[in-house]
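The structure appears right after this line, and notes come after that.
Bear in mind these aren't lab numbers, they're just calculated from the coordinates by the rules spelled out. Keep in mind the model is a prediction, meaning the values are calculated, not measured. Glycine gets a Cβ as well: all are built from the backbone with ideal geometry, and neighbour counts include every protein chain shown.
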Amino acid sequence: MSVTTPQTQPRTDSRYTVGSLSTRPVWLVGVLAALAGAVVTEAFALVARAAGVPMEAASPGAEEAAALPVGGFAGGVLFWSVAGIVLAVALARWAKRPARTFTVTTVVLTALSLAGPAVAPHTATSTQVVLALSHGVAAGLVIPVLARRLSHVRR
């Protein structure tokens, strides 16, 4: 009887593949998610423009709506994603359950962000809808990616 050692098979689970986002630094995963969110959200806004949605909105207190520039949606996603990345990095370091804390916090903040489009004065309803949906598009791309990465934080 000969004794053979079993060959170890490489794991095929995506959590263990080389280059997987679960092994990358949280900040890098956040940057990649933010870039993807910015591109997709800007594409969504461009489709809305092409469909004839007037891209003019006013801030509270403004007397008239101003044009929303091309690239403005992407810029907004990138700006607010920086806050999300900082939050994710802090939670990865100090939170007991970083993925859950991040998800709950960012979903609540996203829900609160919908108030902006809802109360935008001098803004067409179709524009308000596109603005609100764009918040959901961006959050739907960035939050799950960062939350998944945070679920792999080990203490």
Looking at this structure, is residue 143 in contact with a Gly (Cβ under 7 Å, 6 or more places away or on another chain) and of a type outside the set (Ser, Thr, Tyr)?
-> no
Of all residues making up the stretch 53-75, the number that are farther than 14 Å from residue 123 by Cα, of a type in the set (Gly, Ala, Ser) and surrounded by fewer than 20 Cβ atoms within 10 Å (Cβ to Cβ) | 3
Criterion (surrounded by fewer than 20 Cβ atoms within 10 Å (Cβ to Cβ), closer than 23 Å to residue 23 by Cα and hydroxyl-bearing (Ser, Thr, Tyr)) met by exactly one of 126, 151, 81 | 151
Segments classed as helices (runs of 4 or more DSSP H), wholly inside the stretch 30-143, with at least 2 members that are closer than 30 Å to residue 154 by Cβ, free of Cβ contacts under 8 Å to residues at least 60 places away in the same chain and within 13 Å of the chain's Cα centre (by Cα) = 72-94, 98-113
When the stretch 22-36 is examined, which residues are found to be of a type in the set (S, T, N, Q) and surrounded by 15 or more Cβ atoms within 10 Å (Cβ to Cβ)?
-> 22
